[in-house]
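Below is one structure, written out as structure tokens; the observations come after it.
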Amino acid sequence: MTAILNRKFWNPLLALSGGLTLISGLFLLFHLKSHFTMHIHQLSSIVFIAACAIHLVLNWKPLRKTLSSRTAWTLLAVLLFSGLGMAFSGAESDRGHRQTRTHWHR
């Protein structure tokens with residue numbers, strides 16, 4: 001159990017999954033899509049999110065100290081609103097694009 005809570009395990013996993021997500025995201029951004037790239041991106045993103053959550057738990061005390069500043073809360077608010085903007089913008093047009101593309105490849 002203590003090996004799972006060791007930062008020496010989670011930090012490299014966080015870096016590896018984040019790097020894979022970054023590289024595969026760039027491939028997707030420049031339309032170099034393949035099934036392999038999409039699967040790697042999805043899987044590494046899931047691992048990255050899980051590793052981030054555990055990283056936050058393991059570093060909770062330093063995180064609380066960092067969040068005591070006003071600048072940190074401003075940055076968190078910007079991240080939150082940016083994420084909400086991405087989540088709710090273009091959802092309808094993206095769905096239509098997928099349907100058209102699926103129909104095209106039949």
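The values are calculated or read from the model by the stated rules, or taken from the named source; none is laboratory data. The shown structure was predicted, so the numbers you read here are calculated from the model rather than taken from an experiment. Please note: Cβ atoms are built from the backbone with ideal geometry, for glycine as well, and neighbour counts cover all protein chains shown.
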query: Cβ-Cβ below 6 Å, separation at least six or inter-chain, first residue in the range 52-79 and over 18 Å from residue 8 (Cβ atoms), second assigned to a helix (DSSP H, G or I) and β-branched (Val, Ile, Thr): which pairs?
result: 72/66
- line: Counting only residues in the range 24-63 that are more than 12 Å from the chain's Cα centre (by Cα) and among the β-branched types (Val, Ile, Thr), the one surrounded by the fewest Cβ atoms within 10 Å (Cβ to Cβ) is identified as 57
message: Any residue that is farther than 21 Å from residue 79 by Cβ and of a type outside the set (Ser, Thr, Tyr) - is there at least one of those in the range 44-52?
response: no
statement: Heads up, the helices (runs of 4 or more DSSP H) in the range 14-106 (entirely inside) with at least 3 residues that are modelled with pLDDT under 80 are 91-104
